[in-house]
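Input: a single structure, listed below in structure tokens.
No lab work stands behind these numbers, since they all come straight from the coordinates. Just so we're clear, the structure is a prediction, and the values are computed from it rather than from any experiment. Glycine gets a Cβ as well: all are built from the backbone with ideal geometry, and neighbour counts include every protein chain shown.
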Protein chains: 2
Amino acid sequence: MDITIDRKSGEPIYRQLVRRIQEMILSGALPEGFRLPPERRLAEALGVNRSTVLSAYRELKALGLVDSHVGRGTAVLRPPAPPPAVVGVPWRQLFRESVARSHDPILADLLAFSERKDIISFSIGLPAPELLPLETIGRFTTELLDEVGPPLLLHCPTEGHTPLREVIASWVTARGIHARTSDVLILSGSQQGLDLVARVFIDPGDVVVVEEPTYLGALPAFRVAQARIIGVPVDRDGMRTDVLASVLEHHRPKLIYTQPTYQNPSGAVMSLERRRHLLELASRWNVPILEDDTYSELNYDGDALPSLKALDEEDRVLYQSTFSKVLFPGFRVGYAIVPPVVLRQLVLAKQGADLHSNSFGQYLLERFVREGHFASHLERSRTEYRRRRDAMAAALERDRSSALEFERPLGGFYIWCRISDGIDQSALLANAAQRGVVFLPGRACFAAEPPGNFLRLNFSHPSEEAIGVGVQRLLEVIGEASVLARPRGANGPTTSPVV
Amino acid sequence: MDITIDRKSGEPIYRQLVRRIQEMILSGALPEGFRLPPERRLAEALGVNRSTVLSAYRELKALGLVDSHVGRGTAVLRPPAPPPAVVGVPWRQLFRESVARSHDPILADLLAFSERKDIISFSIGLPAPELLPLETIGRFTTELLDEVGPPLLLHCPTEGHTPLREVIASWVTARGIHARTSDVLILSGSQQGLDLVARVFIDPGDVVVVEEPTYLGALPAFRVAQARIIGVPVDRDGMRTDVLASVLEHHRPKLIYTQPTYQNPSGAVMSLERRRHLLELASRWNVPILEDDTYSELNYDGDALPSLKALDEEDRVLYQSTFSKVLFPGFRVGYAIVPPVVLRQLVLAKQGADLHSNSFGQYLLERFVREGHFASHLERSRTEYRRRRDAMAAALERDRSSALEFERPLGGFYIWCRISDGIDQSALLANAAQRGVVFLPGRACFAAEPPGNFLRLNFSHPSEEAIGVGVQRLLEVIGEASVLARPRGANGPTTSPVV
């Protein structure tokens, strides 16, 4: 192998090595299977550091030109045909290590599915299109353009549009949370709340406690922060605080994330006793609680229990909610209620993230809440969603096979179903999509291996008719899969054929 | 000091220590000035680890109850009066270390200033309110609510609303950047582009090259990622690529951030020669370039040079721009053009950050561009902003004192002025605000100590009349400060009195 190094060139030596070896591979001078000299030997021959050769071999590997195995050295692979005219940028090598790991892109896929009109979607948590206040939005837009004008389209403070923060403070105060305008931070959807809190509190390797199952969007937010995520199981009374107590003792988490009311996906409501126990544990171990209260206003059988924030005497709970479910998600407006010292840090993080949330949406929502439309919209929503929940529960009951179990939730957007362990979820989803219905595979809601085979079905978005048809299709597909499913362990995981 | 530890309690020992000592301080049992036992001695006495005592003392310090100095041990401070009924949450202790450092909150302050009607603001980069297409927005809203309906208010894909990505791909292709729809990622403002790129590429301690001066919002985005920021000076031909060459050799950066055209804040245009040199250097050292092309369409004296992305034959440039300056910022819609493998990673990061950008704004902007309003809006904007730039330059020339120097920019939103080094910027800003005019202190645009005393003046937002009045006021304040300013080194930094 004939390599000369130009020490006067500004080009780093390892890049010269990569370029030269790449040329020899692409020109055929080094054939497939050719063993490159061991790193140490080449380094000595060229009079360079071994780490320089190591970097060069690593880049050649990233470019797909060589492969290396312990004990067998580094060998040339079949060159890609036709050889690229331009040397590509080895992007994967440039990403952060934590980012280069694979993610489950299920959330993006399901958002994309939601654009398809031929599929009944039980998969994502959208409000009913029939309830959207299109006329009011149109009227408010006209009025605001006329009365307010330019500020609608210009910047607003990072903390949020002050009048919107005001009406939110009053709104949550009426729900037992004593908040001043200055305690309210406007978020670009509640997803941003998770992200900002992670940025402010979580260093790589820090432990975050989530519920098991949990909101699927919480997982990427904590993963990007390189948190170690530990799950605490949820039963019908919410998070198992007895398990939490032991997790606190053994793992010293930096944050506890919970949705105590009408939890997404399980629908569980944390009992009052457990709420108090959770607050007590968090205080004893000095851990902040991030309470995500997205669904508590969507209650269908009596009032919701008080939020953790309303019970919190220490100001330890970071509270967040959003207009995305109770109204609509398209403006990306959520909010957090947090102590002033935390708010300042979240604002600095938000400045770096997106400067501020969109002004237009904030003006519209402010008017919507202030003029009382929000309260009446909630009333209509509860009536309609109660009907849809009952329709879905009835449809699931009607054809109830032993393969599917669920509890009727008291609020929220979802029915959480358990199916037989032998059914493969990916195959089931593919089959269901072919039949024109999709659901959320339960595994998306777990940080680790799920303790069973679950599906999440959304009942708020599809019409009653679509719920009937969709559940029918889904039960058929599950029925067929159940017949094919063998007990676990007999023949390994079963893959249902896509028919 | 009488402390007993309950080893059977679930409460960690360090928390027990904190609680017990806190009680003794608040009750007065340990008076002000009392020296706590050295950590090692207390640890031995209690039979616990020294690190446990260390944690307890650290928390007591964070609570403001004790203070410690090397060589003098840990002493009790005067207890806060009245003693708090509830032990507060020591938030600062819970933040990430990198976050707990102080930030310059200048950006948030200036956004807040922009809401005040009694002050002429040259401080932030807003479009002219007179140019905002309020009527068209009103008409499009009505049409879209009628024709599109619910999707306006519901979710859209993380990558963005597909038709908007389409029109952006065509738009940039006409500007020499060959982009397919699938290469376009919609951002929640260009600020998000900086943030997502940092999340995907930057590990703590990685070096990021920025221009000196640079866009002030880039600094928090890279700081949150814990990057080491290195500045490369800008002269009238843009980034000094000769300096860059040496920075590349010595620091091996992970990313180069640049605004080659009508740079914010300096207005500089990178010469064609330097553009090619920059691309060559980045290729040789295998570093990605993040090109921020926010202002190139706001050209007032002839065409802009081709973007780096248009000259890039390796697909190494990550390109981003935004509608915030050329149209309006209130919807928070920007976009990136990046290679597919990078786009996938950015999308995963965006999912965790805010799920997707607001749908309503994306539908509106798509129609705005597709129906040709964007092109005509740009024409009108160029005419108007050229006039305002000339008005500001003329006003600055008219009363030109030796204390102020500037170059007339060929495009963009700002005039970058240098004033005498002896003037204290904070005092100047306070005096100017009292007189009813504000500017951006130049130091906000530097990662490190600025090489001179600069101000950034925005001319796009204020009317011609306001520009005249504001510049007059500003020059008066600068004139007074110049009289007071002494040569550097004579009496240390001078603080002008607020009169």
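Nearest 10 degrees, 0 to 90: what angle lies between the long axis of helix B:241-251 and the longest principal axis of chain B (Cα atoms)? Value to nearest ten degrees: 30.
Put a dot 7 Å past the Cα of B:T142, heading toward its Cβ, do the same for B:T181, and the two dots end up 3.0 nm apart.
The slack between A:E97 and A:D421, meaning 0.36 nm per residue of separation minus the straight C-alpha distance, is 113.2 nm. Inter-copy label distances at A:L77, shortest first and taken from points set 7 Å along Cα to Cβ: 5.9 nm.
Might you report the magnitude of the Cβ-based charge dipole of the protein assembly as shown about its Cα centre, with Lys and Arg at +1 and Asp and Glu at -1, to the nearest 20 debye?
Details: 114 positive and 120 negative charges, 504 e Å.
Here the protein assembly as shown has a charge dipole of around 2420 debye.
For the stretch A:305-349 versus the stretch A:431-481, the inter-centroid distance based on Cα atoms is 31 Å. Once the Cα atoms are used to define both axes, helix B:272-284 deviates from the longest principal axis of chain B by about 50 degrees. Computed on the stretch B:13-94, the Cα convex hull volume stands at 94 Å³ per residue.
A crude spin-label estimate for the pair A:R40 and B:V483, with each label 7 Å from Cα along the Cβ direction, gives 7.8 nm. The residues B:K309, A:K254, when put in order of fewest to most other Cβ atoms within 10 Å, stand as A:K254, B:K309. Given +1 at the Cβ of Lys and Arg, -1 at the Cβ of Asp and Glu and no other charges, the dipole of chain A around its Cα centre is 1640 debye to the nearest 20.
Could you work out the mean projected area of the convex hull around the alpha carbons of the stretch A:387-470, in square nanometres to one decimal? Provide the component values of the computation, followed by the final result.
Numbers: hull surface 22.7 nm².
The directionally averaged projection comes out at 5.7 nm².
Please list, in order, the residues from the stretch A:116-148 whose amide nitrogen is less than 18 Å from a point placed 7 Å along the Cα→Cβ vector of A:E465. Output list for this probe position: A:117-122, A:128-132.
Please give every one of the lysines within straight-line cross-link reach of B:K117, meaning a C-alpha to C-alpha distance under 27 Å, and leave out same-chain neighbours fewer than 8 residues apart. Of all the lysines, those that pass the test against B:K117 - Cα under 27 Å, at least 8 places apart if same chain - are A:K350, B:K325.
What FRET efficiency comes out for the pair B:S68/B:L378, r = Cβ-Cβ distance, R0 = 56 Å, nearest 0.05? Intermediate values should be presented prior to the final figure.
Values: r = 61 Å, r/R0 = 1.09.
About 0.35, to the nearest 0.05.
Ranked from largest, the principal axis spans of the Cα set of chain B equal 80, 58, 52 Å. Measuring r between the beta carbons of A:S51 and A:D237 and using R0 = 51 Å, the FRET efficiency lands at 0.35. Counted residue by residue at 0.36 nm each, then reduced by the alpha carbon distance between them, the extension gain from B:Q472 to B:R252 reaches 74.6 nm.
Over chain B, what is the relative contact order in percent, taking alpha-carbon pairs closer than 8 angstrom and at least six residues apart? Write out the running numbers ahead of the final one.
On the way: 803 pairs, mean separation 81.2, N = 499.
That works out to 16 percent.
From helices alone, chain B scores -13000 deg cm²/dmol at 222 nm; the rule is -39500 (n - 2.57) for each run of n ≥ 4 DSSP H residues, then divide by the residue total.
In which sequence would B:E314, B:E147 go, from the one with the fewest C-beta neighbours within 10 Å to the one with the most? Before the final figure, lay out each step's value.
Values: B:E314 14, B:E147 10.
In order of increasing Cβ crowding within 10 Å: B:E147, B:E314.
Derived value for the stretch A:133-372: Kirkwood hydrodynamic radius 18.3 Å. Basis is the mean of 1/r over every pair of different alpha-carbon atoms. Calculated FRET efficiency, B:R370 to B:R7, Cβ-Cβ distance, R0 = 51 Å: about 0.10 to the nearest 0.05.
Between the helical axis of B:359-370 and the longest alpha-carbon principal axis of chain B there is an angle of about 20 degrees. Shape of the stretch B:219-260 from its Cα gyration tensor (a ≥ b ≥ c, root eigenvalues): rounded if a/c is under 1.5, otherwise prolate when a/b > b/c, or oblate? In terms of gyration-tensor shape, oblate. Each copy carries a label point for B:V243 at 7 Å from Cα toward Cβ; from one copy, the others' points are 5.7 nm away, ordered from shortest. Inter-copy label distances at B:R35, using a point 7 Å along Cα-to-Cβ, come to 6.9 nm with the shortest given first.
The distance between label points at A:E280 and B:D399 comes to 6.9 nm (points 7 Å beyond Cα on the Cα→Cβ vector). Bridging of A:K8 to aspartates and glutamates at a Cα separation below 15 Å is possible for B:E249, once same-chain residues fewer than 8 apart are set aside. In terms of other Cβ atoms within 10 Å, A:E464, A:E291 run from fewest to most in the order A:E464, A:E291.
Kirkwood hydrodynamic radius, computed over distinct alpha-carbon pairs, for the protein assembly as shown: how many Å, to one decimal? Kindly include the intermediate steps, with their values, before the conclusion.
Numbers: mean 1/r = 0.0322 Å⁻¹.
One decimal place: 31.1 Å for the Kirkwood radius.
Counting only DSSP beta bridges whose two residues both lie in chain B, roughly 60 percent are antiparallel. Net charge dipole, the stretch B:150-375: roughly 440 debye, given to the nearest 20, about the Cα centre with Cβ charges of +1 for Lys and Arg and -1 for Asp and Glu.
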